[in-house]
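Encoded as structure tokens, the structure appears first; notes follow it.
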Amino acid sequence: MLLQRYALLVLTLALGLAATVRAEPGVESARVLFGQSAGVTGPYARVVEEYNQGLQAAFQMINDQGGVNGRRLELKTLDDASLPDKTLGNVTTLIQKEQVFGLAGVFGTANNQQIADLIFKEKVPSIAPYTGSDVTRIYHNPMQFNIRASYRDESERIVRQLVSLGIKRIGVLYQDDSYGEAGLEGIERAMRKNNLDVAASAKYDRTKLDVTAAVKQLADAKVGAVILVAVSKPAADFIHGMKQRGINIQYFALSPVDASELYALLKEEAVGVAISQVMPNPITGTEQVVGDFQRAMRKYAAGKPLTYPGIEGFMTGWVIIEGLKKAGSNVTRKTFVEALESMDDKYFGGFPLRYLPSNHRGSTFVDFVVISKGGRLGR
């Protein structure tokens, strides 16, 4: 009898161990854990803060409703200071030590390139990599799910707009890294479609953010407009430097430049700067997702501004929530991926977003805002 009880105990422990081994990483009875590596410090710090306010608001909103299939959503963020090598270390830690189910909002072009092989090997879904690089679009990685439009989409719209205004001598300021190179390539491609060439281009070091030489180079080129493939601080310094030289031309920035931060840095010198956007307007948009974002921010981030990075973070949370809902209570990474690939626009609050098994490009939505007096955003 004692032997039988011992045998039963061993069998029970073995079955329990097997169940533990088979359990999906990051999925527990009461929660699903996602991970993020982003520049909490460094040049993207303000954008990351605003983005995470929106993402956490989405998670808190669903958690207050009982979670998804009874599970709360949680986010573990590790700071990489926007350094790609540190991103790889962080994501390795998140996958192997923290045992996250998936990733959300990993920031940076080079940063997402660094982790592409790892997430493919480990079969870890990465939702909304914060980059418009074609590397995460042309070279299909079945674990990466883009939300934002590509830099190529943004560049084509910007060039088309400038040409329609009769501006053909167009210069480019770009960050000397894979983000800047991707943006420059998109602009050059768009210019060729209009039988034009980039009149002049200048780069700056992403670690030093000094644009002094770039100001001189593009000022001497006598361009009619400059497209800024930059982040907010060097973009602001460049515009200020050009205005100090008495050069008043049209400036168009790609979406990684944050309008609210640019105005905070430049004040009225920012008036007239146009910025392409890859999300609906967080203040005046009529989409369902905009209304839900506004309500969630009022409740969970009271007093915080409604920004484009914020609604992009909220949209990231929305995609995760809808994917988990459709995957069902016995969710796995595989069923989560399959769920996302089976959904169309109606799941995403009026935002034009869709994934196919062969293409996780997501959206091509691009709009423009222009900074006006007092930092208000117009069209």
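The values are calculated or read from the model by the stated rules, or taken from the named source; none is laboratory data. Keep in mind the model is a prediction, meaning the values are calculated, not measured. Every residue, glycine among them, receives a Cβ derived from its backbone with ideal geometry; neighbour counts consider all protein chains shown. Calculation scope for accessible area: heavy atoms of the full protein, side chains included, ligands and nucleic acids excluded. Shrake-Rupley method; radii C 1.70, N 1.55, O 1.52, S 1.80 Å.
Find the strands (runs of 3 or more DSSP E) located wholly in the stretch 221-340 whose residues include 1 or more that are more than 21 Å from THR131 (Cβ to Cβ) and open to solvent by 10 Å² or more (accessible area, probe 1.4 Å), and list them. Please lay out each step first, then the result.
Numbers: elements: 225-229, 250-253, 274-277.
Of the strands (runs of 3 or more DSSP E) lying wholly inside the stretch 221-340, those with at least 1 residues that are more than 21 Å from THR131 (Cβ to Cβ) and open to solvent by 10 Å² or more (accessible area, probe 1.4 Å) span 250-253.
Tell me whether the stretch 56-67 contains one or more residues that are open to solvent by less than 10 Å² (accessible area, probe 1.4 Å), in a loop (DSSP other than H, G, I, E, B) and of a type outside the set (Ser, Thr, Tyr).
no
Which condition breaks for LEU162 when tested against (1) open to solvent by less than 30 Å² (accessible area, probe 1.4 Å); (2) free of Cβ contacts under 8 Å to residues at least 12 places away in the same chain?
(2)
Quick one: which residue in ALA58, ALA14, ALA81, ALA18 is among the hydrophobic types (A, V, I, L, M, F, W, C), more than 30 Å from ASP237 (Cα to Cα) and modelled with pLDDT of 95 or more? Full working, then the answer.
Details: ALA14 fails: modelled with pLDDT of 95 or more; ALA81 fails: more than 30 Å from ASP237 (Cα to Cα); ALA18 fails: modelled with pLDDT of 95 or more.
On inspection, the qualifying residue turns out to be ALA58.
Looking at (1) at pLDDT 95 or above; (2) closer than 20 Å to VAL124 by Cβ, can you tell me which one ILE371 breaks?
Tallying (1) at pLDDT 95 or above; (2) closer than 20 Å to VAL124 by Cβ, ILE371 fails exactly one: (2).
Look at GLU154 and say whether it is of a type in the set (Asp, Glu) and open to solvent by 20 Å² or more (accessible area, probe 1.4 Å).
no
Within the stretch 89-113, how many residues turn out to be at pLDDT 95 or above, open to solvent by 30 Å² or more (accessible area, probe 1.4 Å) and either among the β-branched types (Val, Ile, Thr) or within 22 Å of TYR151 (Cβ to Cβ) (or both)?
The total comes to 2.
Restricting attention to the stretch 78-95, which residues are in a helix (DSSP H, G or I), over 20 Å from VAL231 (Cα atoms) and in contact (Cβ under 8 Å) with a residue 24 or more places away in the chain?
LEU88, ASN90, VAL91, THR92, LEU94, ILE95 - these are the residues of the stretch 78-95 that are in a helix (DSSP H, G or I), over 20 Å from VAL231 (Cα atoms) and in contact (Cβ under 8 Å) with a residue 24 or more places away in the chain.
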